[in-house]
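Undergrad: I'd like to ask you about the structure that follows.
The values are calculated or read from the model by the stated rules, or taken from the named source; none is laboratory data. On a predicted model such as this, the values are computed, not experimentally measured, just so you know. In this analysis, Cβ positions are derived from the backbone assuming ideal geometry, glycine residues included, and neighbour counts consider all displayed protein chains. With ligands, DNA and RNA removed, areas are computed over all heavy atoms of the protein, side chains included. Shrake-Rupley method; radii C 1.70, N 1.55, O 1.52, S 1.80 Å.
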Amino acid sequence: MRAVAARAGIGASTLRHYFPTQQSLMSALLTAVYDESLPDDRIRDASAPARRRLIESLWSILDPVASAAEARAVWEGVFSSFIGASASDQARAGYLVLEREALRRIEAWLAILEAEGALQQGDNPARARFLLTVVDGLSIERALAASGSRIENERATLAFAVDAVLTKAAPD
């Protein structure tokens, strides 16, 4: 914390005032990185159909990891850093921040579509969890280098998931 405060040009007590723990500082940092790396500009473009905007926004989570080799490297890093036996509790907490931020971002996208009337009001946290699970599954599938036309299959799967969220629920 002292090193971070020195680099920021502030006193350690000032930094501790705003970030009482290393975890709170790490959480704020990871949130800022997530916001910077995953902008919401596309979902806000109401001139495009809601379905396409949501698919493209979800695709933006997958897109930075283009090849199977890159996806494998990312998942190996995720596993060793956050899941593996050598992962620290602090590292696991960092992963939970990233997951929380992904869910928060997807929930915000869904709220935008709700406000536009393109999505029926509903349980956006559950919808976001479903959509993030699909994205996570696609990223694992990409790491496993599934055969076939991967990009088309991934986009079709995202479209299927988005359609499931955007479609009105069947009556009980």
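Undergrad: Look through the range 81-95, keep the residues that are closer than 19 Å to residue 137 by Cβ and out of contact with any Ser or Thr (no Cβ under 9 Å at 6 or more places or on another chain), and return whichever of them is surrounded by the most Cβ atoms within 10 Å (Cβ to Cβ).
TA: Per the criteria, the residue is 82.
Undergrad: State whether the residues of the range 49-72 include one that is over 26 Å from residue 133 (Cα atoms), assigned to a loop (DSSP other than H, G, I, E, B) and modelled with pLDDT of 80 or more.
TA: No: the range 49-72 contains no residue that is over 26 Å from residue 133 (Cα atoms), assigned to a loop (DSSP other than H, G, I, E, B) and modelled with pLDDT of 80 or more.
Undergrad: State whether one or more residues within the range 60-73 are more than 19 Å from residue 138 (Cα to Cα), surrounded by fewer than 18 Cβ atoms within 10 Å (Cβ to Cβ) and more than 14 Å from the chain's Cα centre (by Cα).
TA: No, the conditions are met nowhere in the range 60-73.
Undergrad: Taking the stated definitions as given, is residue 150 under 19 Å from residue 56 (Cβ atoms), surrounded by 13 or more Cβ atoms within 10 Å (Cβ to Cβ) and at pLDDT below 80?
TA: yes
Undergrad: Moving on to the next point. Restricting the search to the range 1-28, which residues are closer than 24 Å to residue 107 by Cα and at pLDDT 70 or above?
TA: Selection gives 24, 25, 28.
Undergrad: Right, here's the next one. As an exercise: evaluate residue 55 against (1) within 14 Å of residue 136 (Cβ to Cβ); (2) aliphatic (A, V, I, L, M); (3) touching a residue at least 40 places away in the same chain (Cβ under 8 Å) and give the number of the one condition it does not meet.
TA: (1)
Undergrad: Separate question: Restricting to the range 106-125, what's the tally of residues that are farther than 24 Å from residue 74 by Cβ, within 19 Å of the chain's Cα centre (by Cα) and open to solvent by 50 Å² or more (accessible area, probe 1.4 Å)?
TA: 2
Undergrad: Restricting to the range 85-107, what's the tally of residues that are touching a helix residue (DSSP H, G or I) at 6+ places or on another chain (Cβ under 8 Å) and either within 14 Å of residue 51 (Cα to Cα) or among the hydrophobic types (A, V, I, L, M, F, W, C) (or both)?
TA: Qualifying residue count for the region: 8.
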